[in-house]
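Asks: One structure is given below, represented as C-alpha cells, and several questions about it will come after.
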Amino acid sequence: MSGVLTTGVDEAGRGPLAGPVVAAAVILDPTRPVAGLADSKALTPAVRRELAAALRSRALGWSIGLASPAEIDALNILQATLLAMRRAVAGLALAPGHVEIDGNRLPRLEGLPGIVSAEAVVRGDASRAAISAASILAKTVRDTLMEHMDTRFPAYGFAIHKGYPTALHLAALRAHGPSPVHRMSFRPVRFHSS
C-alpha cells in the first residue's frame, strides 16, 4: 500500500508445553532492505540470529508482545496468541496504517492509533517480507527466553527443545512434574501434574 506504513505480525510458540507465546510486529524500511528474509522455520538458528540483529538495526520499527503461560491457560492458546499480537502492534513507536497478520485470524486492533486496514495472510511468513521479519524476531526472542528458563529450571532441557513436546521433555515431565512455566491446560502437562 503506497504511502502507508505496513507492519507484519507473526508469532512463535503456539505448540510448546512451556513458556510464553511471543509475537512480533515489524515495519520494514524500504530504503534499508534486509536480504534473506524467509519463514523462520526454514532458517538455521545462526541465520535467524543474524537476520534478527539486522532487523533490529534497520527496521523503521519493531515490537514484541507476550502472553504468559498463565494467560494461555486462562484464555486458550488461540486467544493468547491474538492477545500477544495485539500487544506487539500496540508497542510500536510508529503507528502503522496497514497490518498484515500471519494466519487466518486477526487480533482485536480497535483503539490502536493509525490503523486503517488489516488482513490475515495464510502462510504470510513465507510470502510477505514484513511477516517473515516478524516471524524471525518472534522466534529468536522466544528461543532466548527459553534458554534463560533453562538456567532457572535445568531439569527440563528447555535450551534444547524450547518447550516443545519432545521425548526428552516428556521424560522430564514424568520425572519432575510441571515447572512454574509450564502450560497447565495443555494435555501432556495436565497428565503429568497429578
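The values are calculated or read from the model by the stated rules, or taken from the named source; none is laboratory data. Computed from a predicted structure; not experimentally measured. Cβ placement follows ideal geometry from the backbone for every residue including glycine, while neighbour counts extend to all protein chains displayed.
Asks: Exactly one condition in (1) more than 24 Å from ALA126 (Cβ to Cβ); (2) part of a strand (DSSP E or B) is not met by VAL99; state its number.
Replies: (1)
Asks: Let me ask another. Quick check on ALA134: is it within 15 Å of the chain's Cα centre (by Cα) and over 25 Å from ARG187 (Cα atoms)?
Replies: Values: within 15 Å of the chain's Cα centre (by Cα): yes; over 25 Å from ARG187 (Cα atoms): yes.
So ALA134 fits the description; yes.
Asks: Among the residues of segment 140-160, how many are of a type outside the set (D, E, K, R), without any contact (Cβ under 8 Å) to a residue 60 or more places away in the chain and at negative phi?
Replies: 8
Asks: Residue by residue through segment 97-111, note down the ones that are crowded, with 17+ Cβ neighbours inside 10 Å and touching a helix residue (DSSP H, G or I) at 6+ places or on another chain (Cβ under 7 Å).
Replies: Once the filter is applied, which keeps residues that are crowded, with 17+ Cβ neighbours inside 10 Å and touching a helix residue (DSSP H, G or I) at 6+ places or on another chain (Cβ under 7 Å), segment 97-111 yields VAL99, GLU100, ILE101, ASP102, PRO107, LEU109.
Listed here are the residues, each with its yes/no results for (1) under 20 Å from ARG14 (Cβ atoms); (2) of a type in the set (Ser, Thr, Tyr); (3) at pLDDT below 95.
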position: THR151; (1), (2), (3): no, yes, no
position: PHE158; (1), (2), (3): yes, no, no
position: PRO165; (1), (2), (3): yes, no, no
position: ALA171; (1), (2), (3): no, no, no
position: ARG187; (1), (2), (3): yes, no, yes
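Asks: Which one is surrounded by the most Cβ atoms within 10 Å (Cβ to Cβ) among residues in segment 171-194 that are in a helix (DSSP H, G or I) and within 23 Å of the chain's Cα centre (by Cα)?
Replies: VAL189
Asks: Have a look at ARG87, ARG14 and point out the one that is at pLDDT 95 or above and either farther than 27 Å from GLY163 by Cα or part of a loop (DSSP other than H, G, I, E, B) (or both).
Replies: Checking each option against the conditions leaves just ARG14.
Asks: Is it true that some residue in segment 122-133 is among the β-branched types (Val, Ile, Thr), within 15 Å of ALA38 (Cα to Cα) and outside any helix (DSSP H, G or I)?
Replies: First, the residues of segment 122-133 that are among the β-branched types (Val, Ile, Thr): 122, 131.
Adding the requirement that they be within 15 Å of ALA38 (Cα to Cα) leaves 122, 131.
With outside any helix (DSSP H, G or I) added as a condition, the list becomes 122.
Yes; the residues of segment 122-133 include at least one that is among the β-branched types (Val, Ile, Thr), within 15 Å of ALA38 (Cα to Cα) and outside any helix (DSSP H, G or I).
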